[in-house]
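A short write-up of the structure that comes next.
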Amino acid sequence: MIGAIAGDIIGSVHEGSDTKTKDFPLFVEYSQFTDDTVLTVAVAEHFLRGGDYVDLFHAYFHAYPLAGFGGSFIRWAGHYKREPYNSWGNGSAMRVCPVGVVCDTLDEVLAQARLSAEVTHNHPEGIKGAEATAVAVFLARTGRTKAEIKSHIESTFGYNLSAKLDDIRDAYRFDVSCQGSVPQSIIAFLEANDYEDAVRNAISLGGDADTMACIAGGIAEAFYGGVPDAIRAPVLALLDDRLRGVVEEFVTKFGNRLTR
């Protein structure tokens, strides 16, 4: 989960900046966690302590209302609504990483990813984005090769993962849809040499940088067996006590699953 959060924090200063390079400092003065981190921690808390997703998402929104949530989510959580709003946005994928860490079978991953998504993102594309991301994390942490991960995601979800980042980058634009950002985030992982490279790849597309790096970073952490200490330490330092406490509890309970 720290891999997803690190991607969010590193990407936070690049969202909307049309960054088209991999050459940038990982942390700067204004690096901060956003709604991606907040809701990832909310999903992690669900697996640690139980609780209804709607209640958890409401509570975390009201604890961190200025974290950069999207307009639809603000209206939903701000008014304590309980019905989903048919979103196909990548918010369902950005928060789902803990599912791929905790669950023990593909069927369980799919079921839990759907549950975490459909409380807000009940559009088929919103559900698919969450499922594909969680499955990629699960496959990565259970020893599948990148070729196997690519093949499974393509055949199961219909995403085309054969494009190269160098062919995507110039024309790619900011896109908050699952269908327009999740495949590209997975490709960023597939082309990476290590964890850091996956995050840099995702940000270099110049899109929804924090969310795409969150997705790619979560998969990369699972595949490479962790996050380098030089990234992990500043990330934890940028979290407040509440978020850091849940992250550390989650790592203590489930961190042994990232043993690739």
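The values are calculated or read from the model by the stated rules, or taken from the named source; none is laboratory data. Bear in mind the structure is a predicted one, so any value in this text is a computation, not a measurement. Cβ coordinates were reconstructed from backbone atoms using ideal geometry, including for glycine residues, and neighbour counts include every protein chain displayed.
Before moving on, here are some points about what is shown:
For (1) assigned to a helix (DSSP H, G or I); (2) within 21 Å of A192 (Cα to Cα); (3) in contact with a Lys or Arg (Cβ under 8 Å, 6 or more places away or on another chain), each residue gets a yes or a no:
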position	(1), (2), (3)
I5	yes, yes, no
I10	yes, yes, no
F24	no, yes, yes
E29	no, no, no
V54	yes, no, yes
F69	no, no, no
R75	yes, no, yes
P84	no, no, no
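- Among the residues of segment 147-178, the ones that are in contact with a Lys or Arg (Cβ under 8 Å, 6 or more places away or on another chain) and either touching a residue at least 40 places away in the same chain (Cβ under 8 Å) or basic (K, R) (or both) come to 3 in all.
- Within segment 227-247, tally of residues that are touching a residue at least 40 places away in the same chain (Cβ under 8 Å) and closer than 23 Å to A134 by Cα: 8
- Tally of residues being free of Cβ contacts under 8 Å to residues at least 60 places away in the same chain and among the β-branched types (V, I, T) across segment 129-146: 3
- The set of residues from segment 26-71 being surrounded by fewer than 16 Cβ atoms within 10 Å (Cβ to Cβ), of a type in the set (S, T, Y) and in contact (Cβ under 8 Å) with a residue 40 or more places away in the chain is empty.
- The residue list I149, I203, I153 contains one member that is closer than 27 Å to S72 by Cα and of a type in the set (V, I, T), which is I203.
- Members of segment 237-260 found to be aliphatic (A, V, I, L, M) and either within 21 Å of R49 (Cα to Cα) or modelled with pLDDT under 95 (or both), listed by number: L239, L243, V246, V247, V251, L258
- Spans of helices (runs of 4 or more DSSP H) in segment 92-146 with at least 2 residues surrounded by fewer than 23 Cβ atoms within 10 Å (Cβ to Cβ) and at pLDDT 95 or above: 106-118, 124-141
- Among residues of segment 190-212 that are closer than 13 Å to L165 by Cβ, those with a Cβ under 9 angstrom from a residue that is at pLDDT below 95 and among the small types (G, A, S), sequence gap 6+ or separate chain, pair up as G206/S17.
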